Every structure is written in structure tokens, then in C-alpha cells.
Protein chains: 2
Amino acid sequence: MPRCTTSPPFMTPWPTILPESGRPSTCPPKSSFCRPSVWFGPGKDKPTPGRLPMPPCGSGCKAACWSGWPKRPAFQGTTSRAPRVPPAPGPLIRRRPSRGPARGREQGEVWGGGSPPQAPPFLGGEVLGGFEMTELLEALQETLGPSHVLTGAEAAPALIDPLGLFQGRALAVVRPADSGEVAAVVRLCRDARVPIVPQGGNTGLVGAATPDASGRAVVLSLGRLNRIRAIDPDNDTLTVEAGCVVAQVQAAAEAAGRLFPLSLGSEGSCTIGGTLATNAGGLQVLRYGTARDLALGLEVVTAEGEIWDGLRGLRKDNTGYRLRDLYIGSEGTLGVITAATLKLFPRPASRALAFVSLPSLEAAVAFLAQARLHVDGGPSAFEIISRPLLDLVSRHAPEERLPPLGGGVPWFALLEVSSTTPKEGARAVLEEVTAAALDAGLVVDAVVAQDLAQEQALWRLREHGLGAAMARQGRTLKHDVSLPLSRIPAFMSASAAALRAQFGAVRPLVFGHLGDGNLHYNVAHDPAQSIDRLVAQAEAIHQLIHDMVHAHQGSISAEHGIGQRKRDQLPRYKSALELSLMSRLKQALDPLSLMNPGKVLP
Amino acid sequence: MPRCTTSPPFMTPWPTILPESGRPSTCPPKSSFCRPSVWFGPGKDKPTPGRLPMPPCGSGCKAACWSGWPKRPAFQGTTSRAPRVPPAPGPLIRRRPSRGPARGREQGEVWGGGSPPQAPPFLGGEVLGGFEMTELLEALQETLGPSHVLTGAEAAPALIDPLGLFQGRALAVVRPADSGEVAAVVRLCRDARVPIVPQGGNTGLVGAATPDASGRAVVLSLGRLNRIRAIDPDNDTLTVEAGCVVAQVQAAAEAAGRLFPLSLGSEGSCTIGGTLATNAGGLQVLRYGTARDLALGLEVVTAEGEIWDGLRGLRKDNTGYRLRDLYIGSEGTLGVITAATLKLFPRPASRALAFVSLPSLEAAVAFLAQARLHVDGGPSAFEIISRPLLDLVSRHAPEERLPPLGGGVPWFALLEVSSTTPKEGARAVLEEVTAAALDAGLVVDAVVAQDLAQEQALWRLREHGLGAAMARQGRTLKHDVSLPLSRIPAFMSASAAALRAQFGAVRPLVFGHLGDGNLHYNVAHDPAQSIDRLVAQAEAIHQLIHDMVHAHQGSISAEHGIGQRKRDQLPRYKSALELSLMSRLKQALDPLSLMNPGKVLP
């Protein structure tokens, strides 16, 4: 039942949007909105942008710890979106790297908290392949300077992925300064038949940037290619090197009065090269697209160590095959992205954010469709959270301030609208869309954030609270999947039923970017059973979820990629023909198979 | 000088937007706009949608003649955009097909009017390759039914391109009914080592769908694959077969309450498969992207005759290499697109259109930037026309009703805004943006179309009047190029100066999709010299323009592709490395080189 005044004890009153019929008598008659002037405490409670309390981060997420507070460009208006808090990833099933044994980890082990695993002893300097390897190391040192060929403890952080799922060994970690040096490294490695593992910010979630355990590979870090090469506001483009951190790219765009919209939890440490190599998504895909959609041109060092200059700032160019989109999303298995020309956008003059409760997933899909129909250019975010997951936040993450929505609904959503109209522009549109949805019964109850602090609290809930609550309750099996929007309700019902039938009371805890059809589908253990049982069932549960996704025309990797983690699952879900076409392309562009071997392709 | 009342004798008064300072005393004091109630004649002059007078089309443009009046979906609001008139392409330099002699045409000949050239005698049934060819024809007839293996006069229209630039011969034109039959045809041809030329609506402008003169190829027409396979409004997707005409796809989207935004002159006859194979652009790229951006998934028959089912309706899918974008834009040289899953969009509730005069090209670029900043989701069109071209329309196309803007400015632009807000939504935004540009001096004068008839007249001017005027004045050399927006003013100055220096008083007549950086750069002959001289200079002028484009980081084919027409120019503008990478991909996916040989790759 919609309400405006009551709230559970842990909640402070929020302004609530009510349908006409349900509005209490105290609401002004000509407005659809009831806006109390207080919202979870007085103004002094407002977090200051950039000085939010640090979230607890004992979960070992290197990405979050490294990134600090990702820098968010300030907006032109007064209702700027809150700086986003990097999510604290919950526990995950670690799988043994498929090629070569992992050290000190058991296959299928679940890691749910505490310190991240330590890097294994580093093998740099050990002459794994005899004289040739020593020669290669010397040549690399001569080319890059000895201080940029890392071995020992200096190199260790690059040999383990940020979730501690994969750990490898390498001959060296090299840090070229520019595209020319990248090309030189590739040529040296090629001549020595040594595999190359490109690495950006090392924030990926599928082990694509971690070498295998053989110790034969060279890890090629792009970190020193961190120059903004050119900015062209009249063309709305920016040309940057691959090692630029995404937040740095955002800041460069902001300095030119433009928006670079790619925004994700690790934006303070992930690099633009890495996001392109994995075609990362994030929070604003609905309006602006994935990393692929934001790139106009690339510079790539090929597997032969040649530099392909495809840095075009053109919206239209029909002069041959689309090499750019072959390298994007190939996770370093076809070549090394060394620079990119990126699209810029106008900076929104206003933003507004609503949190709504929904009677069903079908209603969520219909509400999103309505929002797309009535928001020019589309909403900038539409994120859903399942009730069990929000309940978990109430129990395990009391520091999160939840909006006062209740009433037993199964789903919640965050809807963000951006507008070029300053001040109340976005808010007016958001309120109109939400009020119409209330009237139509698509939304049960709603609040609109009244100020920056409230926006920050909502984004903090989405980006930190959910992960923290899951991590503290125990352990979950994670899945990053996508589906046609129209199939999501059926998929959710079918997968929940199948889980129940096969695995008893294991609990789906789901959230995600509904606007992109992208669900982060987590499975928590049956409270009546031990976590060990979940661990034992992990592979079977993964397969059940992925089979269900496949049966509903979905994808087993929406935005994280394949890497090592899902590589062996591809043959189950891709046709032999598609895998064969991929293999032929790999053979065409990397005939010696030295570019990031063991990733993506089964 | 801005004005509101005077107009040249051939013009009827238009409502004119004036800056505050220039507003005449009769304008209402609180509005920036002066809106006389009449606009080039009384209401009875309004063309009825779908019943516009047929444009004169003696220029031999098969695309325009075939398409009739492209069907435009009606909009939800009352200010629907006018049905667009297919442009009548002007004369072009025809180049001899590079492989095999063309019949009856001289290299470099200019064709500027009259009937299109006739198809050459058809060779179907001639046993070019001996017994095997007869066997192949029999096998094709057995597979498809004799009525779908065309020879003789039935096949002739498929052997010549719509501009009459290229003409070829073929063993047969085959018309499979579905993807399975396409695959069967490809396998039969492969076994016989016979080349395949895929063809959609045969409306392409670079000869990509025309066979060479050897007569050995089979033309594979996709016309019978014309089913709408599925529509999913909740997912905003539509799955259609390759032979569906674009207008049919638009209509299917409209019937589902959605917009399929691809819109181009030949939409009444071009197929969706062909637009994907060439990555066509058109009039709404600025807001919605090119054909590539509108496709989520593909079904492709590979060069081996296997069917790759990549018909995914997913916004995010990071599970391997992007095969989809390799086939899109490859002009049938890697495989045959047989179906596609396309993105749908909300239908705009209102649209508004302004025609403005601009003091310079720099001001045009700045005005566009302002429009992008202040229109949510961006304008839906921004088209420019150079003064000499508009003057040509005055002289040679008196049936066009020109907006009453004058004053010696060098450039004009059409700016269209679409909005989800009904009624005056789009118009209010358009007027605000235009008034601000007037105040800032970016725009000298402006009119906003007051009704459907005025919108139709403006679009008719853009899509028909320009081409008709050029065709009637004589002959032009055409170039479809793109540049970074920021480089367009410098490119225009430099290319005009170079043309003057090398070729005297030849005249650039330029229009295009400025919003996409896409110029249609035409060169007309020096009035003091004969057209023959222009013909003789054609290759040198092409090279000058393309060299200039290249020097300004542009592309020699923005939206028409490479086909046969620009194939031999690629090595001048693409690096050897890029051409080598393209060749390797071709070799990987079409090792026998039977898919549309002689196109794209040099």
C-alpha cells in the first residue's frame, strides 16, 4: 500500500510519490508528489562528495582498494550525481586456471572474505627456457630500460587477478612507455616464441589479464601509456593512450566541457585499454552504450609487432572491414590496443534519481518501456534489486540508509534521468514518468532523491551495500548474464524453480542493469545447510543458471568477458560453427598463438 | 541582415526567427519569434502525404524510379515529418569495371541524364565453363525450382547497377526462398568454384551488387527472403529476413508502436540486408546511428554454405569475437547476410524543423555543437547546403519552394528536433536553440516550418531539389566523404583553393549530413569551358578531393561503401598493414575467394 509517513524504525521518512487515489490529505492537491522537507536526517548528515566514509573493504577486492574514490566529473547543474562508491565484490567460486596447476588453491574453493590470496613466488630471472629466455630478458631490458622490466616482488601484483581467482607466473612484467616500445616488446617476444599477456589496470573479473602458471609468458603492462594525446571538442572526440585510467579520461572530457560517459565501479583504477579489450559496460550503457559504442578509432599493435593506426575520429567510414570491432572485446588475444579515439557527449545539466517498488518483474519491464517512451534520449540508468537482496542489506549492512519503501513487493528499481535542461529539467521528467507508472499500477511506491546526499545514498546502496551485505551473510555463486528484456520474467521464474527443485533452499539474490537486460544473478546457500554444500554444488549450479540463460536466448557473459573463467563453458553455449569462425580469425591475426593464449577460445 | 518581411520575388513569406535586436516592431514583445500565419501560400497548397507530385526523374536513377514514394511511418503527434522524396541522383563519372571489359561504355564517360543504359545481352544458358556450368544450372533449378533460376530478359535488371555505372554478366540470377536455400546455393556454387554476387534491392551506388563481365558468377538475389520473423516490443527488437525492404521494416516497427529509424532515399526499394552489407547511413544517423548501430544480431550463410545463427536480441554480450560487425559493411565479400535482429526505438511524439542561414561553416559547426548541448538525445538531423547549390535550385528547379532566407550568406542548414513530448515539445526546444544561436551570431536568419506542408517542402528541397538542380545544370563529379567535424571548415577552404589553382573555375556544390561529418561534395564544370573538359579531368579531380579528405583525416567513403567503384583507390589511402589485415580476414572466412570477388579488396 502506498504510504507517505510511516517507515520501519531503521528508516527515516523519504518523500514519496503517490498515485492520486492514494495521496494522504496532507499532500498539496495540485501535485502528485509528497515531499517532506527532511530526508533521513538533517543536512549535517549529508555526505560531502569525495569525503564519504570509506566503505568496509575487508573482502579483498583489490579493484576497490586500489581505486580509492573514483573521481566523478561534477555536473553543470546543482543536482549532480553522487560520486559512486566502488562495489565491494562478494565471494566467488575460484576455479583453478585450466592450464597449469594453481598454487595453494583448491579447485572450486569459495573465497568469501579476509585478505586476498598472496601472489605466488615470482619466477622472473629463472631461466625457464634456457639461454633464449635470458637473452630475451636482456633484450627487453635494453629496449625498455632495466627499471621497466620487473621481476620479483615488484612484479607480483600483476600475477594475480583482483578477486584472487587466478594466479600465474611470468618471465617478467614489462612496462613500455609508448606504442613503439609495445611493438618492440611484441617483436622480441615473437622472435623468442614467448606468449604475451596484455594488462591494463588488472581489474578484470575473468582472469583475462593473468598469465598461466607455466611462467613462460611476458606480462605487458600498458600503465605507462597514459597520455591524453588529443582532445577535439568541436568533433566531440578525445584520443587517449590505452593505459589512461577511466577516471582520467572522464576528467579530461570534463575539462573540455564534455562528458565521457563510461562509468563503472573500478573507474578509479581500470584503464581505457582494458575496458575496450573486454568491452566493459557499467552504469550508463542504457543511454550511451558499452565501451565498444564509445570508441571511434583504435591504435593496435598486431601480433607481428606492427602498429595499426586506426585512430579515426569519424562517425561514418565505410572503407573496408571493421577491424576496430574485432579487436574490441577480444581480450588481448588478437593484438594489443595501445590508444583509442573516443566519443564525447554533452554534459547533462541536471540529473534526478528515483527509487521505486514494483509489484512484479513484468511491471519492471513495462515501467522501463514507459520510461524509454517518455524520456528524450532514454533514461541514463535503470537498475533493479530483488527483495531478498534488499532484506539482506537491512540485516547485514545497517550502515546503508534504505529508502522507506516496503509492503512486501518483490522488486525495487533505481531510475535515473539526465537532461540538458538545467535545474529541475530532469526531475520534472522523472516525476512525470514515475507518477504515470504509479497511476498505471506499474509502480507501487516511489521516492525521488531530493538532494545530492540522497542520491549518494541510493548509489551507495546499489554499488556498495548490495555487495557488502552478500559478503557478510556468507558466500554466493555469481553470474553475469544478459537476456532479452522480454524473457527476463520467464527466466527468473524458471531458474528459481529449477534451483529449488535441484538444490533445495538455495537463494537467488539478484540485481543488475535491467535496462541492458543484464542481471547479476547470485546464488546464496540454503540457510539450513552448510556453505560447504554450496561449494560442492557450485559447478552444477553454474551450469543450471547458464543453461537456463541459454534456453532463454541469453548470454553467459554480459559485460565481464570470457577470459579464463568461462572459457571452457563456451563450447556448451556456442555453435561449433561460431567457434570455428572465431578460431579462423584468431589464426589469421595471431598465427603463432602468442597473444594471451588460454583466454577466450576453448 | 535578419529580416521578417521582405523576400525575393520567387519566395513567399516564411516565418522568420529574429534576434531580439533585429526584431521588427510588429513582432510580439515577449517572443523571440515572428510567426506570420501564412507560409508560401494557403493551406490548399499543402501536399497530401503520399500524394506529393512525382518529381521529374529523367536522370536515370533506377533507385528513385523504383522506389516510388517511400512509405514514412506516421507519427503519434500532429507535426509528423513529411514523407521523404527519394533524391534524384545527378550524373556521375562511370568507371570501367576493373575486371573484364564493360560493354558499350568508355572509361571516364560522364552520364548526366536521359535513359539509363540498357543491360547487356544476358549469357544465362551459355555454357561458359563447359559441362560443369550446365550441371550447376540444373542443380540450382532442382534446388530452387526452375522459376527461381532466372536467365535471359528476366535476369537483365539484376546485371546493371542503378546508376548505370557498372554492368556485368552472369550464369544466372537465383532467387532462393529462405536461408536454407541460400546455403544450398552457396554450397553448389562452391563445389563448382563459381563466384557468388549477393544482391538485395540493387540500389547500391558503388557497384557492389553487380557481377563482373566474365559471366561466370551467379547473382544471389535475397528478394524472396522477405518475412518479418519476429517482433518483440518489450525487448525493442525486430527480426527480419535480409530481403525485407527497409520501408517494410519501418512499417512493421510502426505497427508495433515503435520506430525503426533507418531512413534513406531508396528506403522504398533497398533491402535491410543490403543496407547492413554496406552499413548504410541516411538521414537520422546523428541521433540513431548507421545500419551497423541498429543491428543487434545477424544470421549469415558463410562462404562454405553453413548457416551461422547469430540472431541475438541482446544489448550486452561479451562472449567472444564480434563476428556480427565483420559481416556488416563487408559488402557480401565474407558471407551472405540472410536475417537480422534490429533495434527499435520509441516513436517521437513531435518533430520540428528549422531552415537557417549561416555566416560561415565554422558557425555551422558551432551551431550544431550548441544544438547537441541543448537537445536531449541530440537533434535527429542536421543537414547543410552551400549557397551556390541553393542558387542552382533557384535557377534550375523552380518547382522547389525555397525558404525566404537571403543576404549573401555562404551556408544554410536544416535542423530537425524530435521529442517524446507531444504537440509543441520538439518545436519549443528547436525554437529555443535557434533563438540562442541567433543571439550568439551563429545563425543569421531562420524559419521554422509551421505545418506538415512546410516540412515536406524543406525535406523535398533537401532530398530532391538539390539533385534535380545539379542534374539539370549539366554534370557533376560526386564524392561521398566524411571528416572530423572540426576539420570540415579547413578542408572546404583548402579543397576549394586547390581546385581553383589546378582546374580553374570548376565549382564545388556541397551538401550533406554535417551532423555525421558526411559531405556530398560535387564538382561542376567551369561555365567558361565545355563539359568534356570536366570529363577529361575527372580522375584528377577525384584524386584531388580524396587526397584533401585524406590529408584532413577523413574517409573517401562515408556511407556508400567501396564496391567496384572505389576499390582501386583504397591502396592510396589505407596503409599496407590495414589492407594486409583485411586480406587475411578475407582469406580466413572465404578461402576460395568466391564471395563477391572484385569488390572492396584491391
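Where a number appears in this text, it was derived from the coordinates with a stated rule and is not lab data. Everything numeric here is computed off the predicted structure, so don't read it as measured data. Ideal geometry is used to build each Cβ from the backbone, glycine not excepted, and the neighbour counts take in all protein chains shown.
Taking the Cα of B:LEU577, stepping 7 Å toward and past its beta carbon, and measuring to each backbone N in the stretch A:163-197: which are under 13 Å? Of the residues in the stretch A:163-197, A:179-187 have backbone N under 13 Å from the label point off B:LEU577.
Taking the Cα centre of the stretch A:350-551 as origin, work out the dipole magnitude from +1 charges on Lys and Arg Cβ and -1 charges on Asp and Glu Cβ, in debye rounded to 20.
On the way: 16 positive and 21 negative charges, 94 e Å.
With only Lys, Arg, Asp and Glu charged at Cβ, the dipole is about 460 debye.
Here each label is just a point 7 Å from Cα along the line to Cβ, and for B:ALA153 and A:ASP451 those points are 8.3 nm apart.
Between A:ASP234 and B:GLN543, what is the FRET efficiency for a Förster distance of 35 Å, r being their Cβ-Cβ separation, to the nearest 0.05? Here the calculated transfer efficiency is 0.80. A simple spin-label model places the labels of B:ASP191 and A:GLU424 7.4 nm from each other, with each point 7 Å out along Cα-to-Cβ. Antiparallel as a % of all DSSP beta bridges within the stretch A:134-221, to the nearest 5? So the antiparallel bridges in the stretch A:134-221 amount to around 30 percent.
How much FRET efficiency would the formula 1/(1 + (r/R0)^6) give for B:SER493 and B:GLU135, where r is the Cβ-Cβ distance and R0 is 56 Å, rounded to 0.05?
Details: r = 61 Å, r/R0 = 1.09.
So, using R0 = 56 Å, E works out to roughly 0.35.
Using a cutoff of 8 angstrom between alpha carbon atoms and counting only pairs six or more residues apart, the relative contact order for the stretch A:350-551 works out to 27 percent.
Between copies, the label points of B:GLN543, set 7 Å from Cα on the Cα→Cβ line, lie 6.5 nm apart, reported in increasing order to one decimal in nanometres. Sorting A:PHE166, B:PHE491 by the number of Cβ atoms found within 10 Å of their own Cβ, with the fewest placed first, yields B:PHE491, A:PHE166. With a Förster radius of 56 Å applied to the beta-carbon distance between A:ALA536 and B:ARG584, the computed FRET efficiency rounds to 0.75.
Considered as an equivalent ellipsoid built on the Cα gyration tensor, the stretch A:243-349 has semi-axes of 23, 16, 12 Å, the largest given first.
Placing a label point 7 Å from the Cα of B:ASP178 along the Cα-to-Cβ direction, the distances to the matching points in the other copies come to 5.9 nm, shortest first.
When only alpha carbons are used to place a centre, the stretch A:280-304 and the stretch A:449-512 end up 26 Å from one another.
Mean per-residue shielding of peptide B:575-586 is 5, counting Cβ atoms of other chains within 10 Å of each Cβ. Under the combined filter of DSSP loop state and at most 13 neighbouring Cβ atoms within 10 Å, the stretch B:380-446 retains these GluC sites (Glu not before Pro): B:GLU399.
Can you give the charge dipole size of the stretch A:195-336 about its Cα centre, rounded to the nearest 20 debye, using +1 on the beta carbon of Lys and Arg and -1 on the beta carbon of Asp and Glu?
On the way: 12 positive and 15 negative charges, 27 e Å.
Computed charge dipole of the stretch A:195-336: roughly 120 debye.
The ranking of B:THR278, A:THR151 from fewest to most other beta carbons within 10 Å of each one's beta carbon is A:THR151, B:THR278. One way to sum up the overall shape of the stretch B:356-489 is the equivalent ellipsoid from its Cα gyration tensor, whose semi-axes run 25, 18, 14 Å, largest first.
Only Cα pairs under 8 Å and 6+ residues apart enter the sum, and on that basis the relative contact order of the stretch B:228-346 stands at 33 percent. With contacts taken as Cα pairs under 8 Å at a separation of at least 6 residues, the stretch B:134-221 carries a relative contact order of 37 percent. The mean number of Cβ atoms from other chains found within 10 Å of a Cβ in peptide B:273-279 is 1, as a whole number. How many angstrom lie between the C-alpha centres of the stretch B:384-399 and the stretch A:128-198? What the calculation gives is 63 Å, centre to centre. Residues B:CYS244, B:CYS189, ranked from the fewest to the most other C-beta atoms within 10 Å, line up as B:CYS189, B:CYS244. Label-point distances for B:ARG193 to the equivalent site in the other copies, using a point 7 angstrom along Cα→C-beta, read 3.5 nm when ranked shortest first.
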